[in-house]
Amino acid sequence: VQLAESGGGLVQAGGSLTLSCAASGSTSSIDVMGWYRQAPGKQREWVALITKDGITNYAPSVNNRFTISRDNAKNTVDLQLTSLRPEDTAVYYCNVKGYYGTTLRWGQGIQVTVSS
């Protein structure tokens with residue numbers, strides 16, 4: 001499986017961004033698609049996930065602000081970020097897992113910077 005991320009950039013606090021991740025290769029092995037992030041000096045943390053059936057889950061820090069969506073036909077997962085805060089500044093990573101919960105691939109990471 002290969003992942004290609006896009007989106008991200010610099011935005012003011014309160015603004016919005018959309019991150020996209022497209023999977024290619026052995027996509028039939030993908031069950032869960034999700035996003036993680038890593039802020040400077042901090043450990044990578046989970047942000048959101050969506051199963052193949054469309055069940056979503058969010059970290060408390062982003063719940064009601066971020067929305068994850070998935071297109072199984074196109075093998076893409078999007079993360080819509082709204083009401084952004086400076087503390088959302090991080091490198092965001094797309095992640096896909098197989099049917100046993102094993103990570104199949106990480107994306108290369110994409111920078112999101114929120115200015116105050």
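The values are calculated or read from the model by the stated rules, or taken from the named source; none is laboratory data. Only a predicted model underlies this, so the values are computations on that prediction, with no experimental measurement involved. Glycine also receives a Cβ, built like all others from the backbone with ideal geometry; neighbour counts cover every protein chain displayed. Note: accessible area is taken over every heavy atom of the protein model, side chains too, but ligands, DNA and RNA are not part of it. Shrake-Rupley method; radii C 1.70, N 1.55, O 1.52, S 1.80 Å.
Taking only the C-alpha atoms, wrap a convex hull around the chain and report its volume per residue in Å³ as a whole number.
Numbers: hull volume 10.5 nm³, N = 116.
Output value, Cα hull per residue: 90 Å³.
Write out the trypsin sites (Lys or Arg not before Pro) in the stretch 20-116 meeting two conditions: DSSP loop, and at most 14 other Cβ atoms within 10 Å of their Cβ. Before the final figure, lay out each step's value.
On the way: sites: Arg37, Lys42, Arg44, Lys52, Arg65, Arg70, Lys74, Lys97, Arg105; in loops: Lys42, Arg44, Lys52, Arg65, Lys74.
Filter output for the stretch 20-116: Lys42, Lys52, Lys74.
Restrict the search to the stretch 1-100; then list the chymotrypsin sites (Phe, Trp or Tyr not before Pro) that DSSP places in a loop and that have at most 15 other Cβ atoms within 10 Å of their Cβ.
Working: sites: Trp35, Tyr36, Trp46, Tyr58, Phe66, Tyr92, Tyr93, Tyr99, Tyr100; in loops: Tyr99, Tyr100.
When the chymotrypsin sites (Phe, Trp or Tyr not before Pro) of the stretch 1-100 are filtered for loop state and at most 15 Cβ neighbours within 10 Å, Tyr99, Tyr100 remain.
Ignoring ligands, DNA and RNA, what accessible area per residue does the stretch 68-108 give at 1.4 Å, in Å²?
Accessible surface, normalised per residue, equals 52 Å².
Nothing charged except the Cβ atoms of Lys and Arg (+1) and of Asp and Glu (-1): what's the magnitude of the dipole of the chain about its Cα centre? Round to the nearest 20 debye.
Details: 10 positive and 8 negative charges, 24 e Å.
The dipole magnitude comes to about 120 debye.
Over the chain, with every protein chain in place, what whole percent of the accessible area is carbon and sulfur at 1.4 Å, could you tell me? Don't skip to the answer; put the middle values down first.
Working: 2890 of 6020 Å².
Carbon and sulfur atoms account for 48 percent of the accessible area of the chain.
7 Å from Cα along Cα→Cβ at both Thr51 and Asn64: what's the point-to-point distance in nm?
2.5
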